[in-house]
Amino acid sequence: MLPFLPIAQVTPQEIVQIQQVRELPGSLDRVLVFNSNSPELIQKAGILLSTFPPNGKKSRVAHLNFPLQGRFDIFAHHVAKPPTANNLRSLYLGIILHNPNNKPLQVNILQAATYLSQPDAPFIELPALSENPLSKIFAGPGDRVTNAILRGQRHSLPPYIVLPPRQSRLLINLPIPVKTLNPPINGRSLLMRLQSPRPIYAASLAMYAPLGANKKEVAPTLTQWQSLLFNGSLVSPRDRAPTPPEQTTNKIIYGRVAGIAQGSQWTAQIVDPQSPYLTIPRSRQAFSYGLSTLPLGKLGTNQVQSAPLLARYPDTAYSAHGNYGIQYNLSLPLHNNTDRPQTVTVSLQTPLKEDKLSKSGLRFLSPPASQVFFRGTVRVAYTSDRGLPQTRYIHLVQKRGEQGAPLVKLTMKPQDTRLVQVNFLYPPDATPPQVLTIATNG
């Protein structure tokens, strides 16, 4: 028998893609996002995020007094882990809506999706690129939730909820079970798009399942949730406090979000200045546009895409860095201005994070590092070389420093113009920034 030989560790080689990185045109819309992501790990009952007025509440600091009206989103992303080894009761996530008006109102549920890590969407190994026409490819609840919203779905919820005058109703009352898991840890991601004709208040809360008369778990009642809202305090322990934005440092703690962000979708028509088209790069050249750029991760641009927070708790993120759940709608009317056919590719890539480009381009690793930095589905729409309209859903798994395979490859005739549309929701559990790269291969 041959002796066992350990597998040699491959040292990644740095690859520099010499090119320009441009600021992404367009901007976030003004839609408010109820963003409940801090603390991510929950081990005690309490208030996660409340926009209610503090009047009559035991812990006034837990209530941000920020009504929601018109179109708004609700995003929640939390993990349950038992505080002790023998306490395996399910943690419930509850979301309450309250009507402070004298008349009933109807809150429309336009889209909605929520999944658990186990058993709905376990983190599994997947190929770097997979066609995903039937939504069957996903790893992690954030990946699966954003895929569902990208396709305009509404899961297991009615089209609307009616709030009586000056009363509250439960929008969500769902468990994060751990009892049968080893290790006993589980997560839930949720994203909803809602609309209310008049101001309402919202709160997300965490509570361990009450026990019924037979000692079995039962779902908390609206009365129990309201008692927690009025008498409870913010969930502890808290996440690490963020680095203040005015503090200049080479390292930064971004913090997790608990507050009201402004911006649900980023829409961009990517064209040349004073032109209806985007001229493709010269032969064997490329340029990129930053995606989800953030402080210390601007990739040589001056652009921070993080959604601003209009209301937040003092120990949570100053901006919604990472833009979890935010949809990017990007249109690229590509134009071949040469007198020769050109092969053009459009790719999503995950370069090494930099604020300023140290080597006149983007830096990648071959092979990429082990950490997964992007895991989600991207929709691309374009006209094929045969003149046929194409819409594809492509699932990507990209590790730190990964160049990524093309999403779209076109052979463009001289003076040809072809529209390419790229749509995706930035997935929870991803790590920014990424870039959208247009390259001409000759």
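Throughout, read-outs are computed from the coordinates displayed, never taken from laboratory work. Being a predicted model, the structure only gives us computed values, none of them experimental. Glycine also receives a Cβ, built like all others from the backbone with ideal geometry; neighbour counts cover every protein chain displayed.
With R₀ set to 22 Å, the beta-carbon distance separating residue 120 from residue 405 gives a calculated FRET efficiency near 0.20. Among residues other than residue 184 with Cβ under 12 Å from its Cβ, the summed charge is +3 (Lys and Arg +1, Asp and Glu -1).
In the chain, the longest principal axis of the Cα atoms and the axis of helix 222-231 are about 90 degrees apart.
Sorting 172, 42 by the number of Cβ atoms found within 10 Å of their own Cβ, with the fewest placed first, yields 172, 42. Counting only aspartates and glutamates at least 8 places from residue 44 when in the same chain, those with an alpha carbon closer than 19 Å to its own are 217, 239, 315. In summary, the lysines within cross-link reach of residue 356, defined as a Cα separation below 27 angstrom excluding same-chain residues under 8 places away, comprise 251, 298, 399. Stretching residue 360 away from residue 130 to a fully extended chain increases their span by 79.6 nm, per 0.36 nm per residue minus the current alpha-carbon distance.
Protection proxy ranking of 50-56, 145-151, 178-184, 126-132, by the mean of other Cβ atoms within 10 Å over each peptide's residues and highest first, is 145-151, 50-56, 126-132, 178-184. Taking the fewest neighbouring Cβ atoms within 10 Å as the starting point, the ordered list for 386, 363 is 386, 363. Sorting 189, 168, 204 by the number of Cβ atoms found within 10 Å of their own Cβ, with the fewest placed first, yields 168, 204, 189. For the chain, modelled as a GNM whose springs connect Cα atoms under 10 angstrom apart, the maximal fluctuation among 331, 292, 227 occurs at 227. Taking Cα atoms only, the orientation of helix 141-150 departs from the longest principal axis of the chain by about 70 degrees.
Report, ordered by chain and residue number, the aspartates and glutamates lying within cross-link reach of residue 359, taken as a straight Cα distance under 16 Å and ignoring same-chain residues fewer than 8 apart. Output for residue 359: 14.
Here the Gaussian network model covers the chain, with springs between Cα atoms less than 10 Å apart; of 247, 303, 43, 247 fluctuates the most. Put simply, the amide H of residue 407, placed in the peptide plane, has neighbours under 5 Å in 346, 347, 348, leaving out anything fewer than 5 places away on its chain.
Candidates 381, 133, 218 compared by Cα position along the dipole of the chain: farthest toward the positive end lies 218, with charges placed on Cβ. Take the alpha carbon gyration tensor of the range 39-231, find the square roots of its eigenvalues, order them as a ≥ b ≥ c, and report rounded if a/c is under 1.5; if not, report prolate when a/b exceeds b/c, else oblate. Note, shape of the range 39-231 comes out oblate. Any idea how far apart residue 87 and residue 385 come out in nm if each label point goes 7 Å out from Cα toward Cβ? Going from the residue 87 label point to the residue 385 one covers 6.2 nm.
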